[in-house]
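The values are calculated or read from the model by the stated rules, or taken from the named source; none is laboratory data. Since this is a predicted model, take the numbers as computed values, not measurements. Virtual Cβ from ideal backbone geometry, glycine too; neighbours counted across all protein chains shown.
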Amino acid sequence: MMISDLPADLVEEILYRVPATSHKQLRSTCKLWNVLIKKNRRFTEKHFHEASKQSVVLMLDDHKVRSMNVNLNASVPSIEFKSALSLKDSHSNLEQVNIARVFHCDGLLLCTTKENRLVVWNPYLGETKWIQLKTDYKKDFTYALGYVDNKSCRTYKILRVYIDGEDSFGLEIYEFSSDSWRVPLSNVDLWYTCFDPDTGVSLKGNTYWLTYHKEDLLLPFDFKTERFKCLPPPKSRDDMVVLSVVREEQLSLLYQNYTTSKMEIWITTNIDTEAEVLWSKSFTVDSEIQDPYTYQICSSSLIDEEKKLVVCCIVSGDHLNRINRMYTVNIIGEDDEYYTEFPNEEFLSAEDDKYLSRRWPIIFSYVPSLVQI
């Protein structure tokens, strides 16, 4: 019996368990499968709960998102840079949209562009949704994408945080269901804290930022209650802190100490925002900084707790000349097991600083999904 002869319900049960990374090939195999995978929301919802999750590594670099092959299972780990993913705007003459910031949630990428626009993008389905902005885009701002699990479906929202006057913050919520913006009832004044918009990560539908003001805090935003909450981190800051997500289940903090070149990795053991967030120190690595006149900043990281490895993007430059800065993607093992660099042969220039909201590339883990926009 050929697979095309199988009953439709059995075919669906098989496809439910196929990772999203394989669905591109399946969609081109059969027209019926293409309609089922790309257009059937019931299939999408069930696939999310039953399919195995396979993450890939993406990098925001030179106004584009590109994929990377990261192999941590070999005796000598390797990284291979791939071509940029195609993001186009049918209403623009640009061949490729220039991306300034990117935020990953549930297989969707929320991108702000160099041309001051906002788009939600599922690169594995090739779907985009351009969002009409409600208020003045030119104010200082940051965006985050999150969701709320209801009984029948998952609803998505966009949070916009912007500065409304001196030391006064405003909030707006975009509802996908109504295609409109509104001011949440729980709008709060966040004057007492300041968070870096480039530190935001998504975990289980909520967003987490790091704050940089009077004290170090972890600042989650709950998309169900539409409220912020301030949580203490596991330790006080040394020089640099990087927030990331581990296996879509936990948060991690990487503390980089410039004076000793050590990096400490902490992992959450309990992430219930209604209770106390618990942390445990996982392992320590050494970035092996040699030249005291050269600064090295870890702009983003991925953590493999089992292998005790850190994959990190490090920006390097002269302390006296920060116009041209080189960056590398590094794999660093515990106990100085190995330290491998994979340089990208491009430099960050003053022109990049002029247009990019962030001043260096980032790497992040992305879990493909069949979420339809």
Completion exercise
If we keep only residues of the stretch 193-228 that are at pLDDT 75 or above and among the polar types (S, T, N, Q), then the residue surrounded by the fewest Cβ atoms within 10 Å (Cβ to Cβ) is THR225
Handout entry: Unmet criterion (only one of (1) touching a helix residue (DSSP H, G or I) at 6+ places or on another chain (Cβ under 9 Å); (2) of a type in the set (D, E, K, R); (3) modelled with pLDDT of 85 or more) for LYS64
Key = (1)
Handout entry: Filter result for GLU306 (assigned by TED's automatic domain parsing to the domain that holds ARG227, acidic (Asp, Glu), surrounded by fewer than 14 Cβ atoms within 10 Å (Cβ to Cβ) and at pLDDT below 75)
Key = no
Exercise for the section: Give me the pairs, please: first residue somewhere in the stretch 110-122 and at negative phi and at pLDDT below 85, second residue anywhere and assigned to a strand (DSSP E or B) and not β-branched (Val, Ile, Thr), beta-carbon distance under 6 Å, and either six or more positions apart or on two chains. Expected result: LYS114/ALA100
Practice task
Name the strands (runs of 3 or more DSSP E) wholly inside the stretch 214-288 in which the number of residues that are under 18 Å from CYS312 (Cα atoms) is 2 or more.
Solution key: 240-246, 250-256, 262-270, 278-286
